[in-house]
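For reference, the structure is listed below as C-alpha cells.
The values are calculated or read from the model by the stated rules, or taken from the named source; none is laboratory data. None of these values were measured; they are calculated from a predicted model. In this analysis, Cβ positions are derived from the backbone assuming ideal geometry, glycine residues included, and neighbour counts consider all displayed protein chains.
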Amino acid sequence: MRVVHYLNQFFAGRGAEGAASLAPERMAGAVGPGRGLGLEGLEVAVTLVCGDDFFGEHETEALRQLLAWLDEEAADVLVCGPSFGSGRYGYACGTLAREAAQRGIPAVCGMHPENPGVPAAAGAAYVVPTGERVTGMRDALPRMAGLARKLGEGAPIGAPDAEGYLPRGLRHNVLDERPAAVRAVDLLLAKLAGTVTSEAAARPERVPPPPPITDPAGVTLALVTESGLVPIGNPDRLESNRARAWLAYPLRGVTAFAPGAYESVHGGFDVRAANADPNRLVPLDAVRTLESEGRLGELHETLYTTTGNSTPVATAAKFGVEIAQRLHEAAVQAVILSGT
Amino acid sequence: MARVGRTSTDEGLDVATFVVLDVVEGPETRWDDGRLTTDLGAVEALGAGSPGVHRMQAEIVRPGQHVRLVNVLDAVDPVVKKNAPQTTFPGALGELAGAGVGVSYRLDGVAVLSLADFRTTHDVDALACSPDGDGVIDMAGPGAYLSPWSATTNLALTFACDPDVSLADVDRSIRAITLRVARDLAAATVKAVPVAVESFALPPADGSLPAVCVILQVAAEGPLADTFFYGRSVAGLLPTLVDPREVMDGALTSGQYDWAGSRNPTAFYQRSVLLRELLARHGRDLRFVGVILALGYLPSAREKERSALLAARLAKRIGAEAAVLTTFQTGNSHTDTVLTAQACERLGVATVALFAETDAGLTDWAPETDCVVSTGNEEELVPEWRPERVIGGEMTYSGRSATDAGRLPVVEYLGAVSQMGDMRLRAVTW
C-alpha cells in the first residue's frame with residue numbers, strides 16, 4: 001500500500017509563521033507526525049508539504065502541484081494532518097483531501113470537528129475528530145492510521161461511530177426493526193403527545209443571493225430550464241430522464257417557441273399541454289415583449305436546457321455550475337430558471 | 001371532538017389466510033393443506049385470445065434460486081371472495097360489488113407477478129409518461145433483501161405483446177389476466193377450512209383517543225402509469241374518502257410501472273402494513289377514521305395546491321386530528337405531499353409523511369414537514385450480482401445485459417423504498 005502524507009510547514013519542520021508562504025514541496029519518506037503513523041504500522045512513502053499562507057493565497061496553483069504529485073506517486077491513500085484546531089492548516093487538509101477523494105484516491109484527515117477543514121472536505125474525504133491542540137497527537141494518529149489502512153486496502157468502511165470518523169452526510173440504508181408504516185404511526189402519536197421527531201431533515205445548501213436588480217431595463221437576462229425543451233425532433237438526443245448533459249440552443253431571431261417547432265422530451269410529466277404552447281415552459285414570448293417595450297435590457301441569445309428527471313443530485317449540481325459559469329462569462333445578471 | 005362517522009352496523013371484513021408451504025406443477029389447480037398445485041398449461045391458456053397478448057409463459061420461481069426477474073409490472077396477492085368469487089377485484093376483474101366486506105380467502109407466501117418488456121414491441125417513449133427502470137426482483141444475492149417478492153414463491157407470468165395493438169389495450173389484457181390468475185389460485189381454497197381468520201372491524205371507539213386518518217397518495221399519468229379504483233383510472237380524482245378495508249380487499253389495483261422501488265404494486269394495497277397497523281391499534285391507541293385517496297404527480301402548482309387543500313379539508317371534516325401521508329414515487333410527487341402536510345397543519349391536523357430519499361436527502365420539505373419517516377435512499381447502489389438466469393427480458397433499461405447489469409440502485413427493486421411504509425429500510429447519516 002502506497003501512503004502519501006500531507007503536512008504544513010510547521011509539522012514538516014520547515015519553520016513556523018515565517019515559513020507559511022512556503023510553496024509545495026515533495027519529500028521522500030515520513031516526516032514529523034508521519035513517523036508516528038509509521039509506529040502505528042502505516043508506512044509513509046512520500047510527504048507533501050505546503051505553507052498554510054501559500055495554500056490560502058494560491059489555492060489553485062497549490063492544488064494543481066499537489067494533485068499532480070499524488071498522481072505521480074500512485075497513492076493508494078492520502079493522509080492529511082492532523083491539523084487539530086488550526087483553521088488555515090485544516091482548510092488546506094480538507095480541500096486537498098476532498099480533491100483527492102473526488103479523483104478516486106481515498107483520503108483521511110484528522111482535525112477538530114469545528115475546524116473549517118471539515119466543511120472543506122465536503123463529505124468526500126473522511127475526517128477523524130481530534131482535540132483542538134497538538135497534545136491530541138498521540139490519540140489521533142492510531143485512529144487515522146487504522147482508517148487509512150482500511151481505505152488503502154479497499155476494505156468496506158462501516159458506520160461513523162464504529163470506525164471513528166465524523167459523519168460525511170451520506171444517506172446510507174439500514175434495516176430498522178420496525179416497518180416504516182409502524183414507525184410512522186408511532187411518530188405521529190408521539191407528535192400528538194408533544195414530542196416531534198423526524199428521521200430525515202432538510203439539508204438545504206444555502207447560496208447567498210446576489211443583490212436585487214434595481215433596473216430591469218439595464219440587465220441582460222438568460223433563460224435556463226430543466227423542462228426538457230428542445231427543437232422539434234430532439235436533434236441532439238436529450239434524454240427524457242437521467243440526463244447526461246445540458247444543451248445550448250440559439251435564440252437569436254426567435255420571437256417565441258412555436259408549437260411544432262419546439263417540444264419537451266421530459267419523461268417525468270405529461271408534456272401534451274406544454275407542447276401545445278412551449279412558451280409556458282420557458283416564457284420566451286413574454287420576455288421578448290418586455291424586451292421590445294424597453295422594460296427589459298436584453299435577452300441573452302442562448303437557451304440552456306436539460307431534463308431534470310431522476311437526475312442524481314451530483315449530476316444536477318455539476319450542470320448548474322457549468323451553466324452558471326457560461327452565464328457569468330457572458331455577463332448575464334439575471335436568469336429565469338423554469339422548472340417542471 | 002368529532003365523532004367517528006359510521007353506520008351502526010359495521011359489516012367488517014374477515015380474511016382467512018392460507019399459508020403456502022410449497023407450490024408445485026400438476027394436472028389441476030388444487031389446495032392440499034399447505035401445498036398448492038397449479039396447472040401451468042391451464043394458466044397459460046388464460047392468456048390466449050386476449051387482445052394484444054401473443055403468448056404468456058407461466059413459471060414457478062422460488063426464493064434462493066439464482067434468478068433475476070426484470071420488467072416486473074405488478075405483484076398481486078392471490079385472493080378470492082369466498083361467497084361471491086365473481087366479485088373478486090370488483091370493477092378491475094369481477095362484477096361490481098363493494099369491497100372490504102364479507103369473507104376473503106387469501107394465500108400467504110405466494111404471489112402472482114406480471115412481466116413484459118414493452119420496449120421490444122412498442123415505442124414506450126411516445127407515452128405521456130413512459131415507465132423508467134428495470135423492475136427487478138432478485139431471488140438470491142445482495143439485492144434479495146430489498147424486495148418482498150424475493151422471499152415468496154412466485155408464479156411469474158411473462159407476456160409477449162403484439163406490437164400492432166396499443167399499449168393501453170395490451171396493458172388492459174395483462175392486468176385482467178394477472179388478477180384472474182391470482183383469483184383462481186386462491187379459489188382452490190374455498191372449500192378448505194381456514195386455520196387463521198382475521199376480522200378487520202372498526203367498532204365505535206373511545207372518543208378521547210386521537211382520531212387518525214391516512215391520506216393515501218395515488219397517481220394516474222396515462223397508460224402504464226395508472227392506478228385503478230374499482231377498475232377505473234383515478235385520473236381526475238378529487239380527494240375521496242374510502243374505507244381502509246376496501247383498499248385491502250381489491251378495490252385499488254396498480255397499472256403503474258415506473259421506477260419499481262417507489263411505486264405501489266397491487267399487493268401493497270392488499271397487505272398494507274400501514275392500514276393493518278392502524279386497524280390493529282383502533283380503539284387502543286387511536287381512532288382510525290378513514291383513508292383519503294388523493295392524487296400525486298399533479299401537473300401544475302395550482303392543481304397540487306387545490307388537491308392538498310381539499311384533502312386537508314376532508315381530513316378535518318371526518319374529524320381527523322392527525323394524518324399519515326403516504327407518497328407515490330419520487331420527484332414532484334414529494335411536493336404534493338409537502339403541500340398536503342402544510343394544508344393539514346394549517347387546519348390543525350398533525351402530520352407524519354413517508355418519504356424515500358436520494359443521495360442528497362429529501363427532495364422537498366417545509367417547516368410543516370417536521371415529522372418524516374425515511375423509507376431509504378433510493379439512489380444507493382447495491383453490490384453487483386450475476387444471476388444464472390433472467391426472466392422477463394434480456395436487456396436492462398440502461399442497455400446492459402440483464403445478467404451483467406452492474407451495480408443497480410435500490411430504486412430498481414420492486415417495493416424497496418415503499419412510501420406506504422411496507423418495508424423496514426431507512427436511511428441514516430453516515
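Restricting A:Arg149, A:Arg183, A:Arg133, A:Arg143 to those that are of a type outside the set (A, V, I, L, M), touching a Gly at 6+ places or on another chain (Cβ under 8 Å) and within 7 Å of chain B (Cβ to nearest Cβ) reduces the list to A:Arg183.
Selection within the range B:381-430: residues that are facing chain A (nearest Cβ under 9 Å) and among the polar types (S, T, N, Q). The member of this set that is farthest from the chain's Cα centre (by Cα) is B:Thr429. For the range B:255-272, does any single residue satisfy the condition of being of a type in the set (Val, Ile, Thr), touching a residue at least 12 places away in the same chain (Cβ under 8 Å) and away from chain A (no Cβ under 11 Å)? Checking the range B:255-272: at least one residue is of a type in the set (Val, Ile, Thr), touching a residue at least 12 places away in the same chain (Cβ under 8 Å) and away from chain A (no Cβ under 11 Å).
Any residue that is within 14 Å of another protein chain (Cβ to nearest Cβ), touching a residue at least 40 places away in the same chain (Cβ under 8 Å) and either more than 30 Å from B:Glu380 (Cβ to Cβ) or exposed (fewer than 12 other Cβ atoms within 10 Å of the Cβ) (or both) - is there at least one of those in the range A:225-237? Yes, because at least one residue in the range A:225-237 is within 14 Å of another protein chain (Cβ to nearest Cβ), touching a residue at least 40 places away in the same chain (Cβ under 8 Å) and either more than 30 Å from B:Glu380 (Cβ to Cβ) or exposed (fewer than 12 other Cβ atoms within 10 Å of the Cβ) (or both). Scanning the range B:352-371 for residues that are within 7 Å of chain A (Cβ to nearest Cβ) and over 21 Å from the mean Cα position of the chain (by Cα) yields a count of 8.
A residue that is out of contact with any strand residue (DSSP E or B) (no Cβ under 7 Å at 6 or more places or on another chain), closer than 23 Å to A:Ile232 by Cβ and surrounded by fewer than 16 Cβ atoms within 10 Å (Cβ to Cβ) occurs nowhere in the range A:313-320. What number of residues within the range B:151-183 satisfy the criterion of being part of a helix (DSSP H, G or I) and within 14 Å of another protein chain (Cβ to nearest Cβ)? The total comes to 0.
So in the range A:271-311, with the set limited to residues that are at the interface with another protein chain (Cβ under 10 Å from one of its Cβ atoms) and in contact (Cβ under 8 Å) with a residue 60 or more places away in the chain, which one is nearest to A:Gly228 (Cα to Cα)? The residue in question is A:Gly308. Reported count of residues in the range A:270-287, each being surrounded by fewer than 16 Cβ atoms within 10 Å (Cβ to Cβ) and of a type outside the set (D, E, K, R), is 3. Filtered by the rule that a residue be closer than 20 Å to A:His172 by Cα and under 13 Å from the mean Cα position of the chain (by Cα), the range A:119-137 gives A:Pro119, A:Ala121, A:Ala122, A:Gly123, A:Ala124, A:Ala125. B:Asn332 meets each of the listed conditions (1) away from chain A (no Cβ under 11 Å); (2) touching a residue at least 12 places away in the same chain (Cβ under 8 Å) apart from (1). So, A:Gly267, is that one within 20 Å of A:Arg244 (Cβ to Cβ) and loosely packed, with under 13 Cβ neighbours inside 10 Å or not? Answer is no for this residue.
Hand me the list of strands (runs of 3 or more DSSP E) wholly inside the range A:1-103 holding 3 or more residues that are under 18 Å from A:Ala125 (Cα atoms) and at pLDDT 95 or above.
Details: elements: A:3-8, A:25-28, A:44-50, A:77-84.
Here the list reads A:3-8, A:77-84.
Looking across A:Thr340, A:Thr302, A:Thr306, A:Thr311, one residue alone is over 30 Å from A:Arg171 (Cβ atoms) and among the hydroxyl-bearing types (Ser, Thr, Tyr). It is A:Thr302. Looking across the range A:293-307, the residues that are crowded, with 20+ Cβ neighbours inside 10 Å and not in a strand (DSSP E or B) come down to A:Leu296, A:Thr306.
For the range B:222-297, the helices (runs of 4 or more DSSP H) that sit wholly inside it and include 2 or more residues that are at pLDDT 95 or above and surrounded by fewer than 23 Cβ atoms within 10 Å (Cβ to Cβ) are B:273-281.
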